[in-house]
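Chemist: One structure, as structure tokens, below. Some questions next.
None of the figures in this text is laboratory data; all of them are computed from the coordinates on show. From a predicted model like this one, the values you see are computed outputs, not experimental measurements. Ideal geometry is used to build each Cβ from the backbone, glycine not excepted, and the neighbour counts take in all protein chains shown.
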Amino acid sequence: MASTILQKLFGPDKELARKLKNTLGFRAGNLNVYKQALRHTTKSEKIREDGFTNSNERLEYLGDAVLNLVVAEMVFLKYPFKDEGHLTQMRSKIVNRQSMNTLARKIGLDHLVVLDGRNFTHPNGLEMAYGNAMEAIIGAVYLDKGYQKSKDFILKILIANHIDVDMLAQTTVDFKSSLLKWAQREDKPVRFEETEVVKNGKHELRKMVVYVDEKMIGEGLDHIKKKAEQIAAEKACKALHI
């Protein structure tokens, strides 16, 4: 029964294996884990009485962690004399939501993701589904091939071919503006609040918290108030999938 459903969703395994090889640059081992990575929640099935489904959300979580680790190491080694703030910004520029959405299309995942298009009333929702699948695929590669292969996939297939890291270093990402634009479009109130000043040796760190619809959604800590706001806004953007 389950195999019949998978056949309807993905077609013959040989055809899916061929498409995955063209997309990933290597032959997949365990096809089932990739099938799950490509299965959006709108096409998932309940597999437990408590409502647990077989969507790609768990693999998205895993892939996000692997991606952040690989990119964090990459920027750490690439910029040996830059401080933590610069490294964090560079990692964010590479792994942010828009970047994942764009990468998914560039490698052709938008043609492989299984979803119900009737559930998407806004184009951004569809783009986000592709970006989530991008992270889920990274999680699938990790489970199927291990850490080194997933690292090679991220660095040699995704970043080397589709992201100009040196150009990104020259650009500025304004997360606060992105959050405010989203809030205006969604008619959601947003406010930033400085909650405390934290002693850090001889220096003081400003702690900024951002509330969306009166719910605390992100916080940031930095010597400079505006940078703390950006960190808080970045976390909010990630939490809201902006």
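Chemist: Residues of the range 122-153 with the amide nitrogen closer than 19 Å to a label point 7 Å from the Cα of Ala72, along Cα-to-Cβ, please.
Modeler: Only 135-136, 138-140, 142-143, 147-153 pass the distance filter.
Chemist: Considering only Met208, Met128, Met216, give the residue with the highest GNM mean-square fluctuation for the chain, with springs between Cα atoms whenever their separation is below 10 Å.
Modeler: Ranking Met208, Met128, Met216 by mean-square fluctuation puts Met216 first.
Chemist: Right, another one. Take the Cα pairs of the chain, get the Kirkwood Rh, then feed it into Stokes-Einstein at 37 °C and 0.692 mPa s and tell me D in µm²/s.
Modeler: Estimated diffusion coefficient is 168 µm²/s.
Chemist: Taking 0.36 nm per residue of sequence separation and subtracting the Cα-Cα distance, how much length would be gained by fully extending the chain between Tyr211 and Leu155, in nm to one decimal?
Modeler: Full extension of this stretch gives 16.7 nm more.
Chemist: Order by neighbour count: Glu45, Glu186, fewest other Cβ atoms within 10 Å first, most last.
Modeler: By the 10 Å Cβ count, ascending, the order reads Glu45, Glu186.
Chemist: Among Asn119, Asn101, Asn56, which one shows the highest mean-square fluctuation when the chain is modelled as a Gaussian network with alpha-carbon springs under 10 Å?
Modeler: Asn119
Chemist: Let me ask something else. What distance in nm separates the two pseudo spin-label positions at Asp164 and Ser177, each 7 Å out from Cα along the beta-carbon direction?
Modeler: Reported label-point gap for Asp164 and Ser177 is 1.9 nm.
Chemist: At R0 = 45 Å, how high is the FRET efficiency between Thr42 and Leu221 if r is their beta carbon distance? Nearest 0.05 is fine. Don't jump to the answer; show the numbers that get you there.
Modeler: Details: r = 37 Å, r/R0 = 0.83.
That gives a FRET efficiency of 0.75.
Chemist: Fully extended, how many nm does the chain gain between Phe120 and Arg105 (0.36 nm per residue separation, minus their Cα-Cα distance)?
Modeler: Between Phe120 and Arg105, full extension yields an extra 3.7 nm.
Chemist: How much length is gained if the chain between Lys21 and Glu193 is pulled fully straight, taking 0.36 nm per residue apart and subtracting their Cα-Cα distance, in nm to one decimal? Spell out each step's value before the answer.
Modeler: Values: separation 172, 0.36 × 172 = 61.92 nm, distance 4.86 nm.
Net length gain for the segment: 57.1 nm.
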